[in-house]
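Worksheet: one structure, shown below.
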Amino acid sequence: MEITDPTVPKYLQNFQVSQECKNLISSLPEERGWVVPTMYKYQGFWHHTWQLQGVLSFQKHFHAQDTDILLVTAPKSGTTWLKAISFAITNRIKYPVTSSNHPLLKNNSHVLVPFVEHVYAENPNPEFSETPPRLFATHVPFVSLPESVHNSKCKIVYMCRNPKDLFVSAFHFTNKLRPQYMGKNSMEDMFDLFCKGVFLYGPYWDHVLAYWNEALRRPKEVLFLKYEEMKEQPGTQVRKVAEFYGCPFTFEEEKEGIVDAILGLCSFERLSNLEVNKEGYLPTGEMKQAYFRKGEIGDWKNYLTAEMAEELDMITEHKFQGSGLTF
Ligand code: A3P
């Protein structure tokens, strides 16, 4: 169905889609979508129409620079958190993390570090700041990254999450994003789709594995993180990220407690209770509060049956067999 009402959130719209994207879609395999009725399989991964438009435009027009930093996640892996931490680290000279005027207290982290494919979905020639490092985020699978990213030395930070928690998080999130007239998805239906690999920018396991392998191949340029490790050893992980960005904390900064200050500023409790994150919508139309639910490890136990958990574990074991990656 063609949605032509401009008051409809952007992520539900398809009227701005280019002829090129429409032509491509007509040749792609289809499946049931999580938020809109249909998803399409492009280069081995599933996308809603508006996202596919963004992927195509990003591939065609983006020029990576060696100094760029690209934050990559599959949806619901902790992107909101990774964006906040990365923004706080890379901008700490300009914006001291203890400042009461810090941009993270006034803006949602998805506004400060937008998804680059969303930017390109709307505008093939966006203007980005020229001051390095430029901080971008994306959900785009490794295979679909623009050639210029593959050919540059830009840094990629990938964050993954236990598939059981990720699935539960995605189930809740996408139901919040679905327009009322489409009704809610059932957990059983979405579980079957997820296991089949039909997920936003999925199959999830293929998304993770490609970046995992790249991190093994090019550890200086690709850093692989886990949401669970960030929760369990936040200080170690934040120091690792700062070092990877080429701006490790100085002795003075450490003495002043910068790591705890960054973790406090970016914590679930702090960010989720800010007015700016509780109210309103992102420029792309998503409710800001939908990005903050529980922020815990192991919430899957409250939702998945023992059989569902076992099935996800089996798929994960099978998919990651021999890769060295475990959860
Ligand atoms: P839950 O739904 O399990 O609570 P993404 O940012 O990739 O969309 O992922 C959203 C998930 O990260 C949600 O998980 C959300 O609650 C959690 N999250 C958001 N901000 C966080 C933070 N500052 N610290 C830890 N987890 C956070």
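Every number in this text was worked out from the coordinates using simple rules, so none of it is lab data. It should be emphasised that the depicted structure is a prediction, and the values quoted were computed from it without experimental measurement. Every residue, glycine among them, receives a Cβ derived from its backbone with ideal geometry; neighbour counts consider all protein chains shown.
What whole-number distance in Å separates the alpha-carbon centres of segment 142-213 and segment 279-327? Using only Cα atoms to place each centre, the spacing works out to 9 Å. Put in line by how crowded their Cβ is, counting other Cβ atoms within 10 Å and starting with the fewest, THR98, THR250, THR284, THR49 read THR250, THR98, THR284, THR49.
Ranking of MET182, MET230 by neighbouring Cβ atoms within 10 Å, starting from the fewest: MET182, MET230. Take every Cα pair under 8 Å whose residues are at least 6 apart in sequence, average their separation, divide by the length of the chain, and the relative contact order is 23 percent. Tell me the angle of helix 49-61 to the major Cα principal axis of the chain, expressed in degrees between 0 and 90 and rounded to the nearest ten. So the helix axis and the longest Cα principal axis differ by about 60 degrees. The aspartates and glutamates within cross-link reach of LYS22, meaning a Cα-to-Cα straight distance under 15 Å and a gap of 8 or more places when in the same chain, are GLU2, GLU30.
In this simple spin-label model, placing a label point 7 Å from the Cα along the Cα-to-Cβ direction at both LYS196 and LYS176 gives a separation of 2.7 nm. Using the Cα gyration tensor of segment 61-148, with a ≥ b ≥ c the square roots of its eigenvalues, what is the shape: rounded (a/c below 1.5), prolate (a/b larger than b/c) or oblate (neither)? Judged from the Cα gyration tensor, segment 61-148 comes out prolate (a/c at least 1.5, a/b above b/c).
Give me the compactness ratio for segment 29-320, meaning the Cα radius of gyration over 2.2 N^0.38 Å. That works out to 0.97 for segment 29-320. In the chain, the DSSP-assigned H stretches of four residues or longer account for a calculated mean residue ellipticity at 222 nm of -12000 deg cm²/dmol, using -39500 (n - 2.57) per stretch and the full residue count as denominator. Taking each of LYS10/LYS76; LYS155/LYS288; LYS41/LYS231 in turn, the alpha-carbon distance tops 26 angstrom for LYS155/LYS288; LYS41/LYS231. Against the main long axis of the alpha-carbon atoms of the chain, helix 187-196 sits at an angle near 80°.
Using a 7 Å offset from Cα along Cα-Cβ at PHE327, what residues in segment 215-236 end up with backbone N under 12 Å from the label point? Within reach of a label on PHE327, which here means backbone N under 12 Å from a point 7 Å along Cα→Cβ, segment 215-236 contributes 227-228. Per residue, the convex hull spanned by the Cα atoms of segment 134-280 measures out at 158 cubic angstrom.
As I understand it, the value is the acute angle between the Cα axis of helix 306-320 and the longest principal axis of the Cα atoms of the chain; what does it come to in degrees, rounded to 10? Between the helix axis and the principal axis of the chain, the angle is about 70 degrees. What would the Debye formula give as log10 I(q)/I(0) at q = 0.10, 0.15, 0.16 Å⁻¹ for the alpha-carbon point model of segment 1-137, no solvent? Once normalised to I(0) and log-transformed, intensities are -0.40, -0.84, -0.93.
What does DSSP give for the chain in terms of the percent of beta bridges that are antiparallel, rounded to the nearest 5?
30
Taking each residue as 0.36 nm, the span from THR305 to LYS94 lengthens on full extension beyond its C-alpha to C-alpha distance by 71.1 nm. Counted by neighbouring Cβ atoms within 10 Å, the residues HIS207, HIS118, HIS102 run from fewest to most as HIS102, HIS118, HIS207.
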